[in-house]
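Q: The structure follows.
The values are calculated or read from the model by the stated rules, or taken from the named source; none is laboratory data. In this text the structure is predicted, and so the values were computed from the model without any measurement. Note: ideal-geometry Cβ built from the backbone for every residue, glycine included; neighbour counts use all protein chains shown.
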Amino acid sequence: MRRDVFQAIADPTRREILGILSSQPLNVNEITSNFPVSRTAVSKHMKILQECGLLVVKQKGRERFCYAKLESLLEVSDWINQYARFWNKSLDKLEELLRNEDLKKKQNK
């Protein structure tokens, strides 16, 4: 099953895993040591991150190292930006309205 990036970041544990891996790759044990849940639970979260393309696991000798692939978060950024443009326009209109009201009050004094 191919999941999307929005499913991945919907969970706080998965966001924390990405945060941990954003600065450096870590092995699976190093990641799981950051959480008060079982290794199996963390592995399930990591599997979802892999399915969404946000995490890559590479075998190096006997260890498995995890790398964050944060480029996929651009999809989220693009989605959010469309709403930011809407809110910026709305707030600009509100600012102009308030400025005009302020001018009217000053003129009526």
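Q: For region 50-64, what are the residues that are in contact with a helix residue (DSSP H, G or I) (Cβ under 9 Å, 6 or more places away or on another chain) and either in contact (Cβ under 8 Å) with a residue 40 or more places away in the chain or of a type in the set (G, A, S) (or both)?
A: Matches in region 50-64: E51, C52, G53, L54.
Results for (1) in contact (Cβ under 8 Å) with a residue 60 or more places away in the chain; (2) under 15 Å from the mean Cα position of the chain (by Cα); (3) in the same structural domain as W79 (by TED's automatic domain parsing); (4) more than 20 Å from G61 (Cβ to Cβ), shown as yes or no for each residue.
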| position | (1), (2), (3), (4) |
| --- | --- |
| I9 | yes, yes, no, yes |
| I20 | no, yes, no, yes |
| S23 | no, yes, no, yes |
| N27 | no, no, no, no |
| I48 | no, yes, no, yes |
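Q: Go through V42, V5 for me and flag whichever is under 15 Å from the mean Cα position of the chain (by Cα) and surrounded by 14 or more Cβ atoms within 10 Å (Cβ to Cβ).
A: V5 is the lone residue from the list that is under 15 Å from the mean Cα position of the chain (by Cα) and surrounded by 14 or more Cβ atoms within 10 Å (Cβ to Cβ).
Q: Would you confirm, using the coordinates I've provided, whether L98 is surrounded by fewer than 14 Cβ atoms within 10 Å (Cβ to Cβ) and either over 25 Å from the mean Cα position of the chain (by Cα) or basic (K, R) (or both)?
A: When the stated conditions are applied, L98 passes them.
Q: From the residues in region 50-76 that are of a type in the set (K, R) and over 13 Å from the mean Cα position of the chain (by Cα), which one is nearest to V5 (Cα to Cα)?
A: Filtering region 50-76 for residues that are of a type in the set (K, R) and over 13 Å from the mean Cα position of the chain (by Cα), the one nearest to V5 (Cα to Cα) comes out as K58.
Q: Follow-up question, since we're still on this one. Can you tell me how many residues in region 68-82 are within 16 Å of L21 (Cβ to Cβ) and loosely packed, with under 14 Cβ neighbours inside 10 Å?
A: 2
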